[in-house]
Amino acid sequence: MNAIDYANANHDVFLEQLKEYLRIPSISTLSERKDDVKRAAEWTAAQMRKLGMTHVEVFPTAGHPIVFGSWLGAAGAPTVLVYGHYDVQPTDPDNEWITPAFEPTVRDGKLYARGSVDDKGQVFVNLKALEALMKQYDGKLPFNVKMIVEGEEEVSSINLEGFINDHLDLLAADVSVISDTGMLSLEQPSIVYGLRGLTYMEIEVRGPYKDLHSGQFGGAVHNPAQALCEIIAALHRADGSIAVKGFYDKVRMLSGEERKALAEVSSVEEQEAKLREITQVPMSWGEGEYTINERTGARPTLEVNGLVSGFIGEGAKTVLPAKALAKVSCRLVPDQDPAEIYQLVKAHVASITPPTVTSEVRLLHTGDSAIVPIDAPAMAALVTAIEQGFGKKPVFMREGGSIPIVATFRKKLGTPVLLAGYGLPDDGAHGPNEKFDLQCLYKGINTAIVLYEELSRIPLAQFKA
Ligand code: BES
Ligand code: MN
Ligand code: MN
């Protein structure tokens, strides 16, 4: 049976299977979910075995397991390495979910659940495409496939780099496929060719050795919450740019050609309207001389992810807190070095901390940015596949999010990476009511089928990282 026909005939079966996957609360950052994370790993491995992969293994790590599966029966044909993650983000704020995060529900043709688009749904797309191709070729494939699905992507892939270093032969491949990004819309499919890097930090400001009565000491002791806000406010200039000394020194500027191509994707007005529609903010903010898509895709940022200090319980308490903490991260672009950015932020915060308090900047984790070449034969295969799967030629775009492993794959495994992502801008990853459009699911499976077939026809010598 033809793979596309098989996939199209099995929509209902696939949907029920994906719901099963999504019911497992595999939140990698919460230690009390460790067993659930493991169950999601086992579920992934079971799917690999069922579709006909011959070597399937769940590798324990110091954290959550890494699932590996392969089928290598196509001697002389290309080897495709597929990557995804089965772990998900926490579900808070829980009361904002229309239906509970781990009770997958279809409304209006969309499947709502934590992990639906990020990334179980997209891992599932690839599993089902491989299953369909196995049906077409009677338990064989016209290419070799290796699949690695990790459980720690949302906590910055803590153990994956070490695993890759220790398993270079196991993972050796000609091309990598990662389905963990999105496209512009169902009407205008797109391919992500750039992802930003990340430096994630904590800034702590300390004042008195313990919380004080604000009536007794307010006015004479610099309030750490206020001092932290003063420091944070001084990290940006009024024009939206970042005031950290040296921050932009290594930023690779967009070429005129690239700016032009990105501008053709959508107009300044369309970008503003889309932003307001999706986020419901009154208007956009940021560096005025760059378009919104440039600001989120090709410019670095500094964000406050969270702030805590003092009394936040019900009612009022007069207190001068002893300390204040902010979680601050920078999205980075080529050729900024995440470790160097940490040093710059640290030095800058030290230089602007008033003598009335002390401050400390701690590094939590980093990730490299990535730009993938758009003129490679493997990329042409993805263009063809999306054109067939979604009925329109895709445009190229940059994404603001980060998948640090893209850079690692190219560095360590030397494979070109294809970002074959099937999400949409309003899917709400990491937030309440995350969804995956069923059209993205089914068209994604058909696209992945064509992609694998196209890749299988590329001569080995034509894969270059
Ligand atoms: N799938 C996302 C990355 C992503 C987000 C790609 C938006 C395209 C658009 C991934 O699961 C993710 O959330 N990555 C983290 C980084 C990680 C180091 C915690 C991110 O971007 O914040
Ligand atoms: Mn993801
Ligand atoms: Mn994510």
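The values are calculated or read from the model by the stated rules, or taken from the named source; none is laboratory data. What you are looking at is a predicted structure, and each value in this text was computed from that prediction instead of being measured. Please note: Cβ atoms are built from the backbone with ideal geometry, for glycine as well, and neighbour counts cover all protein chains shown. For accessibility, only protein heavy atoms count, side chains too; no ligands or nucleic acids. Shrake-Rupley method; radii C 1.70, N 1.55, O 1.52, S 1.80 Å.
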Notebook entry, point to check: In the set Pro60, Pro100, Pro90, which member is free of Cβ contacts under 8 Å to residues at least 12 places away in the same chain and closer than 24 Å to His430 by Cβ?
Noted result: Pro100
Notebook entry, point to check: From the list Val106, Val175, Val155, which residue is of a type in the set (Val, Ile, Thr) and within 16 Å of ligand 2 (Cβ to nearest atom)?
Noted result: Val155
Check: If you take the residues of the stretch 80-101 that are open to solvent by less than 40 Å² (accessible area, probe 1.4 Å) and away from ligand 3 (no atom under 16 Å from the Cβ), which of them is nearest to Pro142 (Cα to Cα)?
Finding: Val80
Check: So how many residues does the stretch 404-421 have that are of a type in the set (A, V, I, L, M, F, W, C) and either part of a loop (DSSP other than H, G, I, E, B) or open to solvent by 50 Å² or more (accessible area, probe 1.4 Å) (or both)?
Finding: 1
Item checked: Residues satisfying the stated conditions in the stretch 371-403, i.e. of a type in the set (Phe, Trp, Tyr) and either crowded, with 23+ Cβ neighbours inside 10 Å or farther than 22 Å from Asp119 by Cα (or both) -> Phe390
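Residue-by-condition table, conditions (1) over 30 Å from His213 (Cβ atoms); (2) assigned by TED's automatic domain parsing to the domain that holds Ala220; (3) open to solvent by less than 70 Å² (accessible area, probe 1.4 Å):
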residue: Leu262; (1), (2), (3): yes, no, yes
residue: Ser266; (1), (2), (3): yes, no, yes
residue: Pro282; (1), (2), (3): yes, no, no
residue: Ile292; (1), (2), (3): yes, no, yes
residue: Ala316; (1), (2), (3): no, yes, no
residue: Ala322; (1), (2), (3): no, yes, yes
Note to self: So if I check each of Leu51, Leu30, Leu18, which one is touching a residue at least 40 places away in the same chain (Cβ under 8 Å), out of contact with any Gly (no Cβ under 6 Å at 6 or more places or on another chain), within 21 Å of Pro142 (Cβ to Cβ) and in the same structural domain as Phe124 (by TED's automatic domain parsing)?
What the structure shows: Leu51
Note to self: Is it the case, given these coordinates, that Thr105 is in contact with a Phe, Trp or Tyr (Cβ under 6 Å, 6 or more places away or on another chain) and among the β-branched types (Val, Ile, Thr)?
What the structure shows: yes
Next item on the list: Search the stretch 106-163 for residues being open to solvent by 30 Å² or more (accessible area, probe 1.4 Å) and in contact with a strand residue (DSSP E or B) (Cβ under 6 Å, 6 or more places away or on another chain), and hand back the single one that is nearest to Ile66 (Cα to Cα).
Entry: Ser156
Notebook entry, point to check: Hey, among the residues in the stretch 333-370 that are within 24 Å of the chain's Cα centre (by Cα) and among the small types (Gly, Ala, Ser), which one's surrounded by the fewest Cβ atoms within 10 Å (Cβ to Cβ)?
Noted result: Ala339
Check: Which residues, counting only those in the stretch 59-69, are of a type outside the set (Val, Ile, Thr) and touching an Asp or Glu at 6+ places or on another chain (Cβ under 9 Å)?
Finding: Gly63, His64, Pro65, Phe68, Gly69
Next item on the list: Taking Lys327 as meeting all but one of (1) open to solvent by less than 40 Å² (accessible area, probe 1.4 Å); (2) of a type outside the set (A, V, I, L, M, F, W, C); (3) in contact with a strand residue (DSSP E or B) (Cβ under 6 Å, 6 or more places away or on another chain), write down the number of the exception.
Entry: (1)
Next item on the list: Show the residue pairs that are 6+ apart or on different chains and have beta-carbon atoms under 6 Å apart, the first residue being within the stretch 175-188 and β-branched (Val, Ile, Thr), the second being open to solvent by 20 Å² or more (accessible area, probe 1.4 Å) and more than 9 Å from ligand 1 (Cβ to nearest atom).
Entry: Val175/Phe463
